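Worksheet: one structure, shown below.
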Amino acid sequence: GESVGLHLPTLSVQEGDNSIINCAYSNSASDYFIWYKQESGKGPQFIIDIRSNMDKRQGQRVTVLLNKTVKHLSLQIAATQPGDSAVYFCAEDNNAGNMLTFGGGTRLMVKP
Amino acid sequence: DGGITQSPKYLFRKEGQNVTLSCEQNLNHDAMYWYRQDPGQGLRLIYYSQIVNDFQKGDIAEGYSVSREKKESFPLTVTSAQKNPTAFYLCASSTARKGKLFFGSGTQLSVL
């Protein structure tokens, strides 16, 4: 079936730089997207979400961009900190029941 | 303090043994989910339940069973039919459609 995928499995950035994590989705019926952060040995934590009637949403140090034309989602983290090191997952709601479909994840490594 | 609690944190299974993972939530959420996560991989849906006394198979239900006798509880049994049970198991809950998932802290299951 259709699924969410990620371009980069590992992203390494310098502390203080901005990070951009990308996600491609293939289901044009998806209308709700979420980014999760998962630290080692822990459950995923909600970061930010966006509905398909928006193309940008900002949180604290994070911004999610949605490009429905090319079915692309990105998470931007400003002034990346060591505590941002984790695996980041995007997830989509494709209107196929009460559940989300998760991508494979991108590992963000922050160098001091 | 509201949340979703998984226990135990670590669990070991002997060959041919059934083991049960606990998941309890006090968020008053209707829907609950079980995901499996293998090292360096994304989340795969095992089972989900949208209401008490009802549940549906996810993508990888073979070798697993669940029950939903109470709204706040959704235990997962890993049966002897599951030949490769070693993984990190995540329980989640959500309010309704278009709702983000709240995750527990996970159970690491290993085979002795």
Filter the stretch B:28-43 down to the residues that are surrounded by 15 or more Cβ atoms within 10 Å (Cβ to Cβ) and either more than 8 Å from chain A (Cβ to nearest Cβ) or closer than 21 Å to residue A:42 by Cβ (or both) and list them by number.
B:29, B:30, B:32, B:33, B:34, B:35, B:36, B:37, B:42, B:43
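Going by what's in this entry, would residue A:32 be described as touching a strand residue (DSSP E or B) at 6+ places or on another chain (Cβ under 6 Å), at the interface with chain B (Cβ under 9 Å from one of its Cβ atoms) and hydroxyl-bearing (Ser, Thr, Tyr)?
yes
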Inspect all residues belonging to the stretch A:52-67 and state whether any of them is in contact with a Leu (Cβ under 9 Å, 6 or more places away or on another chain) and within 14 Å of residue A:87 (Cα to Cα).
no
Could you please give the count of residues in the stretch A:37-57 that are more than 8 Å from chain B (Cβ to nearest Cβ) and either surrounded by 13 or more Cβ atoms within 10 Å (Cβ to Cβ) or outside any strand (DSSP E or B) (or both)?
12
Looking only at the stretch A:19-32, decide whether some residue is within 30 Å of residue B:55 (Cβ to Cβ) and either open to solvent by 60 Å² or more (accessible area, probe 1.4 Å) or without any contact (Cβ under 8 Å) to a residue 12 or more places away in the chain (or both).
yes
Only unsatisfied item for residue B:46, checking (1) away from every other protein chain (no Cβ under 11 Å); (2) under 22 Å from residue A:40 (Cβ atoms); (3) surrounded by fewer than 18 Cβ atoms within 10 Å (Cβ to Cβ); (4) touching a Gly at 6+ places or on another chain (Cβ under 9 Å), is (3)
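The values are calculated or read from the model by the stated rules, or taken from the named source; none is laboratory data. Every value quoted in this text rests on a predicted model; they were computed, and no experiment measured them. So basically every Cβ, Gly included, is an ideal-geometry build from the backbone, and we count neighbours across all protein chains shown. Surface accessibility is based on the protein's heavy atoms, side chains included, excluding ligands, DNA and RNA. Shrake-Rupley method; radii C 1.70, N 1.55, O 1.52, S 1.80 Å.
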